[in-house]
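See structure below.
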Protein chains: 2
Amino acid sequence: MTHGSVEKNIPDILRGAGMRPTRQRVALAELLFAKGDRHLTAERLHEEAVGENVPVSLATVYNTLHQFTQAGLLREVAVEGAKTYFDTNTSNHYHFFCEQDGGILMDIQTDELFVQGLPEPPDGMAVSRVDVLVRLVEK
Amino acid sequence: MTHGSVEKNIPDILRGAGMRPTRQRVALAELLFAKGDRHLTAERLHEEAVGENVPVSLATVYNTLHQFTQAGLLREVAVEGAKTYFDTNTSNHYHFFCEQDGGILMDIQTDELFVQGLPEPPDGMAVSRVDVLVRLVEK
DNA sequence: ATTTGTGCAAATCGTTTGCATCTGA
DNA sequence: TCAGATGCAAACGATTTGCACAAAT
């Protein structure tokens with residue numbers, strides 16, 4: 001992970017996904033992928049970008065997050081009405097969620113938890129993904 | 001389930017939950033619980049009510065759905081940004097979801113599927129509920 | 001030069017709220 | 001009577017869109 005010839009720089013990753021490596025996209029990708037796994041809303045990423053002197057509009061943050069998701073660099077996590085979380089960990093895993101502080105998401109790796117006995121999907125349908133959300137409350 | 005002295009009529013159920021059995025609440029409860037397990041959005045229930053000559057405002061539908069949920073008569077299901085589904089099946093179970101036709105939810109009973117190896121929640125936290133959503137796509 | 005991305009502000013969607021009016025116990 | 005419920009319309013928050021301008025190849 002920390003060495004190896006497969007490593008690509010951000011502009012190359014973006015080009016590889018068919019996107020032009022514009023200032024904003026590169027800056028957002030750096031914010032997203034530089035610090036390990038993250039769970040962010042569009043709004044929070046926007047604040048973070050502005051805070052780091054990367055002036056970018058909220059609309060562009062939304063566009064970019066969706067483009068990254070389409071390119072397989074991010075994953076969307078549905079938690080509850082309104083706000084959408086984007087997860088930089090695109091591997092197969094599940095989540096803890098607590099309402100605390102406006103909603104915090106944490107990863108659960110699949111080697112800890114797994115789903116057993118997935119029933120046959122209805123005719124003509126195939127499973128695209130299984131989401132597991134473990135909701136937490138303060139004790 | 002179909003006989004027995006425990007059976008209550010809707011006004012009694014509402015009174016039992018500390019709600020006045022008003023026209024609108026009784027009518028909505030009838031729409032919700034008369035036809036077996038259902039997965040509805042507020043908007044769809046509102047359309048249905050208006051279609052059945054039960055003139056009720058959308059605001060009242062929202063109020064009522066939330067009150068029913070608080071009373072344990074309904075369960076909320078989070079699927080994706082924006083719209084919330086209300087499930088008349090409040091027992092422990094999971095869901096299939098397909099985007100088709102604006103989003104369809106189907107029950108999966110827990111005797112078919114279960115989650116294994118639930119990890120220890122973080123300190124001071126307790127599990128309140130485990131949601132499993134099996135996302136489907138057309139083959 | 002051409003194509004694609006960006007920013008702004010306005011538009012949209014689902015949902016909630018304030019408040020005057022009605023209604024059930 | 002009168003606390004509680006309803007309806008309307010306006011307010012709301014998150015997200016999307018239309019379009020003039022700017023930047024990348």
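The values are calculated or read from the model by the stated rules, or taken from the named source; none is laboratory data. These figures come from a predicted structure and were not determined experimentally. As a convention, Cβ positions derive from the backbone with ideal geometry for all residues, glycine included, and neighbour counts pool all protein chains shown.
Counting just the residues of the range B:94-139 that are basic (Lys, Arg) and exposed (fewer than 13 other Cβ atoms within 10 Å of the Cβ), which one comes out farthest from the chain's Cα centre (by Cα)? Spell out how you get there, then give the answer.
Within the range B:94-139, the subset basic (Lys, Arg) is B:129, B:135, B:139.
So of that shortlist, the ones also exposed (fewer than 13 other Cβ atoms within 10 Å of the Cβ) come out as B:129, B:139.
On the way: B:ARG129: 15, B:LYS139: 28 Å.
The extreme case among them is B:LYS139.
I need the full set of residues from the range A:20-40 which are under 11 Å from the mean Cα position of the chain (by Cα) and charged (D, E, K, R), in order please.
Taking the range A:20-40 and keeping what is under 11 Å from the mean Cα position of the chain (by Cα), we get A:32-33, A:37-40.
A:ASP37, A:ARG38, listed by residue number.
Is it true that some residue in the range B:7-20 is more than 12 Å from DNA strand D (Cβ to nearest atom) and buried (at least 17 other Cβ atoms within 10 Å of the Cβ)? Even if it seems obvious, please write down each step before you answer.
Let us first name the residues in the range B:7-20 that are more than 12 Å from DNA strand D (Cβ to nearest atom), namely B:7-13, B:16.
Then drop every residue that is not buried (at least 17 other Cβ atoms within 10 Å of the Cβ), which leaves B:10, B:13.
Within the range B:7-20, one or more residues are more than 12 Å from DNA strand D (Cβ to nearest atom) and buried (at least 17 other Cβ atoms within 10 Å of the Cβ).
Considering each residue of the range A:48-77, count those that are away from chain B (no Cβ under 14 Å), among the charged types (D, E, K, R) and either surrounded by 15 or more Cβ atoms within 10 Å (Cβ to Cβ) or within 11 Å of DNA strand D (Cβ to nearest atom) (or both), and give that number. It would help to see each step written out before you state the result.
Taking the range A:48-77 as the starting set, the residues that turn out to be away from chain B (no Cβ under 14 Å) are A:48-61, A:63-64, A:67-68, A:70-74.
Next, only the ones that are among the charged types (D, E, K, R) stay: A:48, A:52.
Next cut, either surrounded by 15 or more Cβ atoms within 10 Å (Cβ to Cβ) or within 11 Å of DNA strand D (Cβ to nearest atom) (or both) only: A:48.
Looking only at that region, the number is 1.
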TODO: Within the range B:60-119, count every residue that is modelled with pLDDT under 90 and in contact with a helix residue (DSSP H, G or I) (Cβ under 8 Å, 6 or more places away or on another chain).
DONE: 1
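Could you name every one of the strands (runs of 3 or more DSSP E) located completely within the range A:38-136 that has at least 3 residues being touching a residue at least 12 places away in the same chain (Cβ under 8 Å)?
Output list reads A:39-41, A:85-87, A:93-98, A:104-109.
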- [ ] Scan the range A:94-114 and give yes if some residue there is within 16 Å of DNA strand D (Cβ to nearest atom), in contact with a Pro (Cβ under 9 Å, 6 or more places away or on another chain) and either more than 30 Å from B:LYS139 (Cα to Cα) or more than 9 Å from every other protein chain (Cβ to nearest Cβ) (or both), otherwise no.
- [x] no
- [ ] Can you work out which of the residues in the range B:27-47 that are within 14 Å of DNA strand C (Cβ to nearest atom) and surrounded by fewer than 17 Cβ atoms within 10 Å (Cβ to Cβ) is farthest from B:ILE104 (Cα to Cα)?
- [x] B:GLU47
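Would you check which residues across the range B:88-104 are under 11 Å from B:HIS39 (Cβ atoms) and within 13 Å of DNA strand C (Cβ to nearest atom) and list them?
B:GLY103 - this is the single residue of the range B:88-104 that is under 11 Å from B:HIS39 (Cβ atoms) and within 13 Å of DNA strand C (Cβ to nearest atom).
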